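Structure record follows, encoded as structure tokens.
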Amino acid sequence: MPGLRHDVTKLGSHSAWDSMMPQSQVGLQKSELDTPALCLDVEQFARNAQLMFDVAKSGNKQWRPHSKGHKSPAIAWHEQRIGATGVTCAKIGEAEVFAATGIQNILIANVVAGERKVERLAALCHWSDPTICCDHFAQAEELSAACHRVGSRCQVLVDVNIGMNRTGIRPGKDAVELAQAIDQLPGLTLLGIMGYEGHLLRISDPVEKAREIHEAISILENVRNQFQRSGLRCDVVSAGGTGSIHITAQCAAVTELQAGGGIFGDPYYTDLCGLAGCDPALTVVATVISRPHLHRAVLDAGRKTINPDLQLPSVCGYPDVAVKSLSAEHCTLELGPESQNLRIGDRVELIVGYADLTTAMHDDFYVFRGDRLEAIWPIQGRGRLQ
């Protein structure tokens, strides 16, 4: 088997298991890596992450970045080393992955329902410190009963609809009454509220965008004030997407930002959402496998490798090359006059347009410092859909 040591009968000081382990690829040059491969520029990633933290800090906000774009404990731990207070995720399965590596402060920024899920969540509270969101009493009641049965306690944010029109209870009386009910349930601790201004991230006019985001966050501020007047705890006001981080960081009522996608500098965020200061750190290295026309090249990386739905990938280092189409296993490039010398076997690096929908298709990040492979970070939360 390629890449394995074959002297399994000559154990020496190694066990049979050790002798069958694949040899590490660390130290390879990018040109030596088999393709397609999801590659992370660790230095650019670190700069992007630091900028995200600094933006949060500039507004006196805590940073609890969302993991939906990376699903990797290695990345979450790096974020904590530079100052993140924890991690945000969308699924209990993802929270279990992060908790298993020792991360304690975990926000599951989603509502949870169903007997198996609440049982898992109640158990998770014994060995980490998760916070869950609720927008209906039925969710809270079921979770309370599960926590009571196993003797654990779960922290809760009330999910408030501030215009996204997805999950979230109506602000005002409904939100206050739900919070009052949660506050009385055994096994639950009310911490505050959450809202998401995600419907406003792609407003192109910066003045209009700032105005609408401030209006949306003012809904959360009003709910917070109503909680406090009613004697309810509201220590946490959680909000903030990557495409709005510079604005939401300056909204006084918000206490923490969930924005996490900026660590990869996706063109979706920089080009369509106006994120400033971050540059691309995530690429897919592919190989030219066909040159059927002077103006066309075909790569070995299609939709099963890189998702084009929200933002097409672009080609690094070839300004006159455009991604024409992606099928299941192929990427077709349209070549300009300066790139028509691409040959079969040449490597091409594609900048991932939107990481959230691409990393979920891969097992690992190949982590590069310059052109040298420094580490392989497993995407351990991949496939954790429950």
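The values are calculated or read from the model by the stated rules, or taken from the named source; none is laboratory data. Since the structure is predicted, the reported quantities are computational estimates derived from the model, not experimental observations. FYI the Cβ positions are ideal-geometry reconstructions off the backbone, even for glycines, and counts take in every protein chain you see.
So which residues in the range 281-299 are crowded, with 22+ Cβ neighbours inside 10 Å and either among the charged types (D, E, K, R) or within 18 Å of the chain's Cα centre (by Cα) (or both)?
Within the range 281-299, Ala281, Leu282, Thr283, Val284 meet the criteria.
Pick from the range 358-386 the residues that are part of a strand (DSSP E or B) and of a type in the set (A, V, I, L, M, F, W, C): which of them is farthest from Ala113 (Cα to Cα)?
Leu373
Regarding Glu256, is this residue among the charged types (D, E, K, R), within 18 Å of the chain's Cα centre (by Cα) and surrounded by 16 or more Cβ atoms within 10 Å (Cβ to Cβ)?
Criteria met by Glu256.
How many residues does the range 125-156 hold that are out of contact with any helix residue (DSSP H, G or I) (no Cβ under 6 Å at 6 or more places or on another chain) and more than 14 Å from Thr189 (Cβ to Cβ)?
Matching residues across the range 125-156 total 10.
What residue, of Ser238, Ser230, Ser218, is touching a residue at least 12 places away in the same chain (Cβ under 8 Å), more than 25 Å from Gly261 (Cα to Cα) and of a type in the set (Gly, Ala, Ser)?
Answer to the check: Ser230.
Can you pull out the helices (runs of 4 or more DSSP H) entirely within the range 1-91 that have at least 1 residues that are at pLDDT 95 or above?
42-58, 73-81
Quick check on my filter: what residues within the range 234-260 are touching a Gly at 6+ places or on another chain (Cβ under 7 Å) and part of a loop (DSSP other than H, G, I, E, B)?
Correct list: Cys234, Asp235, Gly241, Ala249, Gln250, Val254, Gln258, Ala259, Gly260.
Please count how many residues of the range 198-214 are part of a helix (DSSP H, G or I) and closer than 19 Å to Asp159 by Cβ.
Qualifying residue count, the range 198-214: 4.
Quick test of your reading of the structure: Ser238 fulfils all but one of (1) over 21 Å from Gly172 (Cβ atoms); (2) polar (S, T, N, Q); (3) crowded, with 22+ Cβ neighbours inside 10 Å. Name the failing condition by number.
Only one criterion in (1) over 21 Å from Gly172 (Cβ atoms); (2) polar (S, T, N, Q); (3) crowded, with 22+ Cβ neighbours inside 10 Å is unmet by Ser238, namely (1).
Which of the residues spanning the range 307-331 are small (Gly, Ala, Ser) and either more than 26 Å from the chain's Cα centre (by Cα) or part of a strand (DSSP E or B) (or both)?
The answer is Ser314, Gly317, Ala322, Ser325.
In this structure, is Trp63 of a type in the set (Phe, Trp, Tyr), farther than 18 Å from Cys154 by Cα, surrounded by 18 or more Cβ atoms within 10 Å (Cβ to Cβ) and in the same structural domain as Gly168 (by TED's automatic domain parsing)?
Yes: the conditions hold for Trp63.
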